[in-house]
Amino acid sequence: MIELMVVIAIIGLLMAILLPALGQVQNQMRRTASTVMIRMLDSACREYHNDFGDYPPSARPAGAEDYLPNWEGKYLLPLFLTGYAPDLGQTGVPFDAGQMHEDDGKDGFGFRVAPRGRVYGPYQGADDFDMKPRADGDPRLAFVDAFGNQVFYYRFDEGAETYHAEHNDPDPFGPYAPQEPNLPDYARRPEEQGGGFFRTNFILMTKGPNQRFEALRNNPETDDITNFRSE
């Protein structure tokens, strides 16, 4: 009996030592997967730019008021990179000359600018990334990282020379939800580095492992995952 208790105690001690280490490994694997996802979405946006001469919008495009109500950056991004329909049950939604068109004549992922024209997308296999609705029954899907955080997307407004906070609503998931990054300051360099924007085309970010936005500008040790900081 004593020997059995000693063995059990040793096993318990080993588990106490190993479990935190395994948790750290799992956390790092999720962070790596999330970082790869952000990089692939960055590349997908550039491929979209190569086809259409601009990056996906982060504000609802003109002409889409009737069938894309309340759609914002993080919901528009999967739509434009994959081409899925607003209700997920009809044909794709293309983007042509600044206007959205409700039906492109193609089922499933991808979309055509003309009914019998070239099929655009999905870009960088974006249709295989994890997507999640804000709530059950909501047709809007947002990309989510390996921690279950929504991927926020903002396109730079060249006319106003800034990013707009209203282009995304708060992330409804996680222990600190609802929460959103404090834009435009979130995307700026620290004052000692000039204070300008990290980039002036588009930005992507998630809350990272601690599931709370902490801008690099004010928190050098932030674990947020973005496309404007080196990993």
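The values are calculated or read from the model by the stated rules, or taken from the named source; none is laboratory data. Just so it is clear, the model here is predicted, and its values are computed rather than measured. Cβ: placed from backbone, ideal geometry, glycine included. Neighbour counts: every protein chain shown.
Residue by residue through segment 185-202, note down the ones that are over 14 Å from residue 229 (Cα atoms), surrounded by 13 or more Cβ atoms within 10 Å (Cβ to Cβ) and either out of contact with any Phe, Trp or Tyr (no Cβ under 7 Å at 6 or more places or on another chain) or modelled with pLDDT under 90 (or both).
Selection gives 185 alone.
Which one of these is under 23 Å from residue 32 (Cα atoms) and either over 14 Å from the mean Cα position of the chain (by Cα) or touching a residue at least 40 places away in the same chain (Cβ under 8 Å) (or both): 156, 198?
198
Somewhere in segment 68-76, is a residue over 21 Å from residue 228 (Cα atoms), at pLDDT 65 or above and in a helix (DSSP H, G or I)?
No: zero hits.
Which pairs turn up if I take residues in segment 36-61 that are closer than 11 Å to residue 126 by Cβ and look for partners that are assigned to a helix (DSSP H, G or I) and among the aromatic types (Phe, Trp, Tyr) with beta carbon separation below 7 Å, at least 6 apart in sequence or on another chain?
Once the first residue is closer than 11 Å to residue 126 by Cβ and sits in segment 36-61, its partners that are assigned to a helix (DSSP H, G or I) and among the aromatic types (Phe, Trp, Tyr) give 48/80; 56/48; 56/80.
Being polar (S, T, N, Q) and exposed (fewer than 13 other Cβ atoms within 10 Å of the Cβ), is that true of even one residue in segment 49-65?
yes
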